[in-house]
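The values are calculated or read from the model by the stated rules, or taken from the named source; none is laboratory data. Fair warning: this is a prediction, and the values are worked out from it, not measured in the lab. Because the Cβ atoms are built from the backbone with ideal geometry, glycine has one as well, and the counts that use them run over all protein chains shown. Only protein heavy atoms, including side chains, enter the accessible area calculation; ligands, DNA and RNA are left aside. Shrake-Rupley method; radii C 1.70, N 1.55, O 1.52, S 1.80 Å.
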Amino acid sequence: MRLHDVMAARTTAQAKLNHVVQIIGEATASEVCSIYLLRDGVLELFATQGLDQAAVHVTRLALGEGLVGTIAQDNEPLNLDEAASHPDFAYRPETGEDKFHSFAGVPIIRRERAVGVLCVQHADPRRYADVEIEALQTVAMVLAELIANADLIDDAATTTRPTPQTASRITGLKLVDGMARGLAVFHQPRITIDHTMAEDTEAERHRVYAAFDRMREQIERMAAQAEFGMGGEHEEVLQTYKMFAYDEGWSRRINEAIDSGLTAEAAIERVQQRTRSRMRQIDDPLLAERMHDLEDLSNRLLRIVSGQMGTAAQMGLRHDAILIARNLGPAELLEYDRRRLKGVILEEGSLTAHVTIVARAMGVPVLGRVRDVRRLIGEGDLLLLDVTAGTVFARPTSAIEEGFEAKLLMSQRRRASFAALRDQPPVTRDGRRITVMVNAGLRDDVAALDLTGADGIGLFRTEFQFLVSATLPQRERQQRLYRDVMEAAGARPVIFRTVDIGGDKVLPYLRDDSSADENPAMGWRALRLALERGGLMKAQARALIEAAAGRTLNVMFPMVSEPWEFDEARGLFEAQRAWLADRGRKLPLEIRYGAMLEVPALAEMLDIMLPRLDFLSVGTNDLTQFLFAADRANPKLAERYDWLSPAILRFLHRLVAPAREHRVDLGVCGEMGGRTLEAMALIGLGIERLSITPAAVGPIKAMIRSLDHAAITQALPGMLANPPRDLRGVLADWARDHNVELS
């Protein structure tokens with residue numbers, strides 16, 4: 001209320017800021033309170049209590065320079081009991097701040113960009129309490145209104161118009177594959193909050209209650225109208241989304257912000273800023289993605305309460321459009337006309353995000369992690385989206401357009417030619433039949449069997465159901481999914497991999513210690529975690545056995561590193577089969593047990609393992625990074641992560657003869673088998689079962705049907721005996737000389 005009085009006073013903006021730092025310093029019992037504002041691209045000390053007044057309008061820090069510059073650059077608060085110990089600390093002698101130890105600062109945010117920094121300091125080392133930091137953030141929101149109205153900040157600091165007007169090539173992360181052409185459409189206009197201080201707290205509270213009711217009605221209506229052709233995990237996504245909409249904790253935090261004196265709009269924005277800050281601190285990527293649903297709902301609630309409901313979806317798409325957004329929630333995507341929506345570009349986004357799952361079900365290509373997309377692309381710009389290449393061209397030249405159209409036409413023709421192979425078997429020129437299966441994880445993925453003519457599902461990732469669920473899936477739900485998948489597959493085999501969770505795939509509702517692992521990919525995950533949590537694996541075992549009644553059940557255990565782990569997992573399944581048999585339940589005709597070879601140690605135990613196995617699948621993704629000690633997600637190690645390295649091929653070659661000797665079906669599942677040159681090499685090693693992404697089935701079939709099996713199996717051992725430095729190049733030359741169709 002004191003700040004409200006200051007803002008209402010008929011004084012200069014500088015006088016108001018001088019008064020504000022006094023009020024904040026007193027309220028937080030701080031000996032220093034300072035305000036820095038962004039002017040001419042640098043942060044200038046505009047007002048202070050406690051520092052030398054001679055430093056005002058003299059001390060200036062670049063973005064990223066010192067603690068103040070770091071806060072503005074990262075859009076994140078800092079709370080330090082010893083400021084000088086921070087690596088970004090920069091001493092400015094003119095301020096006289098050397099006698100102060102503790103430091104806390106928050107960004108002053110306007111239109112999602114930092115336009116200044118509010119900070120407090122204290123002589124004694126102490127961390128400020130969370131409630132004090134939140135109070136500073138609330139004050140910073142009020143300050144944003146004050147400084148914007150007083151024209152104290154750069155116009156460029158809040159501009160949203162892209163600077164380049166020429167053709168631009170922008171890169172991002174491939175989320176949903178595909179190509180598209182359309183005009184750039186921004187998902188929603190920015191909502192500028194002009195009034196932050198409430199005149200009537202109860203009136204603001206009633207506005208929020210009414211907005212919540214309306215938002216929930218919208219969500220219920222959209223969920224009821226969503227059509228995908230058949231059920232799937234995206235339906236569970238929408239249920240999780242609805243759960244967030246009814247979350248009492250979220251509405252309570254907004255009410256608390258209103259109690260502090262904020263308007264309804266400012267309270268929603270305040271809680272949204274806090275959520276964004278928390279999201280950036282979450283190490284678990286899956287939990288962070290779930291928080292994006294809450295971000296989506298916050299945007300929706302803010303539009304309702306402000307009366308600015310005009311999203312691009314509600315206004316309607318008049319042309320073929322590429323949608324631009326910082327992020328999207330699944331329900332927001334469903335609002336768009338699917339006849340006009342050709343693609344989506346996100347500033348954030350990930351492969352496990354709910355919107356990605358729904359977009360894949362809709363068949364809409366999505367490019368994510370496009371930094372500064374709303375600055376680089378303008379409303380109405382022509383966009384050429386090529387998710388396959390991980391790029392989008394904005395404002396393309398005629399030459400770029402011609403090249404894109406040619407590639408799009410070629411892609412369509414190639415897809416048509418691959419589709420024509422659907423009913424053709426993957427048989428080499430000399431008559432060797434290769435088994436080509438697909439990897440899957442969602443109920444809808446099974447449709448790829450008929451679309452591609454694949455031989456079955458060589459890897460069904462059962463953890464996907466766990467990853468998209470808000471709570472641990474009950475046994476009945478698991479059983480229903482597994483039964484639906486087997487019924488859809490018909491006579492074609494399905495290999496179910498038991499849950500591979502933990503490590504870098506943490507479930508927010510399942511507590512474990514893997515998040516503390518220094519290297520989660522090698523940590524407490526997959527079979528290691530499942531065996532420790534016997535209840536989880538018993539429920540899955542029962543669900544799989546009951547779902548496979550009257551059929552053959554293929555079960556595969558991930559991340560097996562020693563024979564006893566496989567024995568224990570198999571014993572757990574057999575105990576559940578016996579338990580069900582005692583109760584007269586219908587059982588599978590047969591249970592075939594397999595293991596994934598991802599941990600190199602298992603290769604040294606093959607003489608013991610193979611007599612126990614019905615099949616063995618090599619997980620090339622994890623195996624390669626373990627062999628090379630090269631994280632596959634690290635771009636600096638990309639050159640080390642080559643599946644056509646002689647070390648990888650020699651390792652795989654040593655598996656073939658023992659597997660044949662014990663009559664164990666040996667296959668490869670992973671990205672390696674889905675690339676034509678790599679798949680040719682695998683066949684040359686003697687591996688004749690591949691499980692790959694559905695999109696790769698057509699190209700792999702075409703390669704197999706152009707390949708002479710005897711020729712490649714004779715040539716490859718010689719290449720490995722004395723490997724050239726560039727084995728990839730040698731293999732490519734061999735394929736060209738032997739007319740092998742590569743893509």
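Checking Leu146 against (1) over 34 Å from the mean Cα position of the chain (by Cα); (2) without any contact (Cβ under 8 Å) to a residue 60 or more places away in the chain, only one condition comes out false. Which one?
(2)
Condition test on Val485, is it touching a Pro at 6+ places or on another chain (Cβ under 7 Å), at pLDDT 85 or above and either not charged (D, E, K, R) or not in a helix (DSSP H, G or I) (or both)? Reasoning before the result, please.
On the way: touching a Pro at 6+ places or on another chain (Cβ under 7 Å): no; at pLDDT 85 or above: yes; either not charged (D, E, K, R) or not in a helix (DSSP H, G or I) (or both): yes.
Against the criterion (touching a Pro at 6+ places or on another chain (Cβ under 7 Å), at pLDDT 85 or above and either not charged (D, E, K, R) or not in a helix (DSSP H, G or I) (or both)), Val485 does not qualify.
Quick check: anything in region 243-254 crowded, with 21+ Cβ neighbours inside 10 Å and either at pLDDT below 65 or not in a helix (DSSP H, G or I) (or both)?
No, every residue in region 243-254 fails to be crowded, with 21+ Cβ neighbours inside 10 Å and either at pLDDT below 65 or not in a helix (DSSP H, G or I) (or both).
Go through (1) modelled with pLDDT under 75; (2) assigned to a helix (DSSP H, G or I); (3) open to solvent by 10 Å² or more (accessible area, probe 1.4 Å) for Asp296 and report which single condition fails.
(3)
Please go through region 665-698 and pick out each residue that is modelled with pLDDT of 90 or more, in contact with a Phe, Trp or Tyr (Cβ under 7 Å, 6 or more places away or on another chain) and either over 20 Å from Ser645 (Cα atoms) or of a type in the set (Phe, Trp, Tyr) (or both).
Asp665
Does any residue of region 359-370 turn out to be open to solvent by 10 Å² or more (accessible area, probe 1.4 Å), assigned to a loop (DSSP other than H, G, I, E, B) and over 22 Å from Ser411 (Cβ atoms)?
Yes, the conditions are met somewhere in region 359-370.
Can you run down the residue pairs with Cβ atoms below 6 Å, 6 or more apart or on separate chains, where the first is in region 412-428 and within 12 Å of Arg705 (Cβ to Cβ) and the partner is surrounded by fewer than 14 Cβ atoms within 10 Å (Cβ to Cβ) and of a type in the set (Phe, Trp, Tyr)?
From residues that are within 12 Å of Arg705 (Cβ to Cβ), there are no pairs.
In region 380-404, what count of residues is obtained for those that are assigned to a helix (DSSP H, G or I) and either of a type in the set (Lys, Arg) or in contact (Cβ under 8 Å) with a residue 60 or more places away in the chain (or both)? Talk me through it step by step, then tell me what you get.
So the first thing to find is which residues in region 380-404 are assigned to a helix (DSSP H, G or I), and the list is 387-389, 398-404.
Going one step further and asking which of them are either of a type in the set (Lys, Arg) or in contact (Cβ under 8 Å) with a residue 60 or more places away in the chain (or both), we end up with 387-388, 400, 404.
The number of residues fulfilling the criteria is 4.
Which one is surrounded by the fewest Cβ atoms within 10 Å (Cβ to Cβ) among residues in region 299-328 that are at pLDDT 70 or above and of a type in the set (Val, Ile, Thr)?
Out of the qualifying residues, it is Ile304.
Could you list, in sequence order, all residues of region 25-57 that are among the hydrophobic types (A, V, I, L, M, F, W, C), assigned to a loop (DSSP other than H, G, I, E, B) and at pLDDT 90 or above?
At the first step, the residues of region 25-57 found to be among the hydrophobic types (A, V, I, L, M, F, W, C) are 27, 29, 32-33, 35, 37-38, 42-43, 45-47, 51, 54-56.
Now narrow it down to the ones that are assigned to a loop (DSSP other than H, G, I, E, B): 29, 51, 56.
Those that are among the hydrophobic types (A, V, I, L, M, F, W, C), assigned to a loop (DSSP other than H, G, I, E, B) and at pLDDT 90 or above: Leu51, Val56.
List pairs: first residue in region 548-569 and at negative phi, second residue open to solvent by less than 20 Å² (accessible area, probe 1.4 Å) and of a type in the set (S, T, N, Q) anywhere in the structure, Cβ distance under 7 angstrom, at least six positions apart or on different chains.
That search, which allows pairs on different chains as well, returns Val555/Thr498; Met556/Ser617; Phe557/Thr498; Pro558/Thr498.
Among the residues in region 187-198, are any modelled with pLDDT under 75, assigned to a helix (DSSP H, G or I), open to solvent by 40 Å² or more (accessible area, probe 1.4 Å) and basic (Lys, Arg)?
no
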